[in-house]
Amino acid sequence: MERSLAGRGRVGRIDRPFAPPAARRAARARARGARPPRSRRLALRIEALPGGRALRAIWRRRRLRIALVLVVLLSGLFSGGWLWLRHSSLAWVQRVHITGVHGPDARAIDAALSAAARRMSTLDVHVGALRAAVAPFVVVREVHASGSFPHSLRIRVIEQPPVAALVAGASRSAVAADGVVLGPGLLSGSLPSVDAGRVPASGQRVSDASASEALSVLGAAPAPLAGLVVRAYTGASGLTVVLRHGLSAYFGDASRPHAKWSSLALVLASPRSTGATYIDVRVPERPAAGFPPGSAPPSAQSGGSAGEGVGTPEGAAGLAAGLTAAVGREGGAGSPQAQGASEESRSEASGEAGGAASQPAQGSTGEASEAPAGGAKP
């Protein structure tokens, strides 16, 4: 009897009317050993998440909760619609525009890129697939593509054209300026020769250091002079480029190639270089032209054709004009000091009759010694 009254008193204290309803329900739940209500469990789980307090604050407000649910649903709908549109017939590639392809493999490259492009969507362009399609063509260096909705795709191909014929014994192969071997299929009679210890397989790089320097210099040659080069090799004066009719240009090394080509062109454009056997541009600000023994450079008043000893079909004016773009690419070539020195190119000649052809002095600065013949100073 006393135990029953004690239990009633305890329940009476829990259910007293001034206690909040939530507290009474929680007390009854604890008394029964039951779990918290479902809403309470959900609130606790939300609060345990990152940023849970903000989510719980939103969840407590009905309008915010509805807006959040709508945003999630609409995001899913838009994402699904976008994925469907990207791969639907509304965005299939139907017109392919390819630029930058030249040479004997142009048709094959166009066909490979077109076939790969027509399996794509203008909203989902896979440049990697385009690069894989032209991987067998080593002349292709890079591929860029951009889609234009609904059905157009533009592809720009960057090639690495051959600049020389790599020669090792009886083996010959075309090679690019960066040393990538392009294979014998791209050989032509207009390519200058570069000697190497061996000819790597197509797609590999040249490992010979002197050949790599020669290829770097040949790759920087402007168009008016590139077609005049016959050979490039490393000799007593360093890297030497042989032009038509035997004229040699001493580059020394592969540094500042644009400035050296510019200086060479300006010397060739000067009437005082007529009949020269070599031109030293190892220091592009101080070029020098060498003449055979017993001959003197043309006087400043002579009206001879510039570059006559070189036999250039374009003429000296064409050589100089073709280097306008190259002059501005390197500060040393376009500077007033370089231009003034080139216009006043130093002519060399041996003072000994019947001696060998004049050679530049091998000074530490690499510039040719001054020995004007007959007192003529350029």
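Grab the other residues whose beta carbon is less than 9 angstrom from that of VAL93, score K and R as +1, D and E as -1, and report the net. In short, +3.
Ranked highest first by average number of other Cβ atoms within 10 Å, how do 273-286, 233-246 line up? List each step's numbers first, then the result.
On the way: 273-286: 24.1, 233-246: 16.9.
Result, highest mean first: 273-286, 233-246.
With θ taken as phi - 60° and the Karplus curve 6.51 cos²θ - 1.76 cosθ + 1.60 applied, the whole-hertz 3J(HN,Hα) list for the stretch 200-215 is x, 5, 4, x, 8, 9, 6, 9, 5, 5, 5, 5, 5, 5, 4, 5 Hz, x standing for glycine and proline.
Using amide H atoms built 1.01 Å from N in the peptide plane, name the residues 5+ places from ASP280, or on other chains, whose amide H lies under 5 Å from its own. It is TYR250, ALA288, ALA289, GLY290, by chain and number. Applying 0.36 nm per residue to the separation of ASP110 and VAL127 and subtracting their alpha-carbon distance, the gain on full extension is 4.6 nm. Multiplying each eigenvalue of the alpha-carbon gyration tensor of the stretch 118-257 by 5 and taking the square root yields semi-axes of 36, 16, 12 Å, largest first, rounded to whole angstroms. Taking amide H positions as modeled 1.01 Å from N, with prolines and chain starts lacking one, the residues under 5 Å from GLU159 and 5 or more places away or on another chain are ARG141.
Computed over the alpha-carbon atoms, the stretch 79-168 gives an Rg to Rh ratio of 1.10, Rh here being the Kirkwood radius from the mean inverse distance. Remark: the stretch 88-99, residue by residue, has Karplus-estimated 3J(HN,Hα) of 8, 5, 5, 10, 5, 6, 10, 10, 10, 10, 10, 10 Hz, where x stands for each Gly or Pro and the curve is 6.51 cos²θ - 1.76 cosθ + 1.60 at θ = phi - 60°. For the stretch 162-223, the solvent-accessible area of protein heavy atoms averages 41 Å² per residue (probe radius 1.4 Å; ligands and nucleic acids excluded).
Modelled spin labels at ASP178 and SER88, positioned 7 Å past Cα toward Cβ, are 4.1 nm from each other. Would you give the gap between the C-alpha center of the stretch 182-255 and the C-alpha center of the stretch 138-167, rounded to a whole Å? Each part reduced to its Cα centre gives a spacing of 24 Å.
The values are calculated or read from the model by the stated rules, or taken from the named source; none is laboratory data. Keep in mind that what you see is a predicted model, and the values were worked out from it rather than measured. A quick note on method: Cβ atoms are made from the backbone with ideal geometry, for glycine too, and the neighbour counts reach across all protein chains shown. SASA here: full protein model, heavy atoms, side chains in, ligands and nucleic acids out. Shrake-Rupley method; radii C 1.70, N 1.55, O 1.52, S 1.80 Å.
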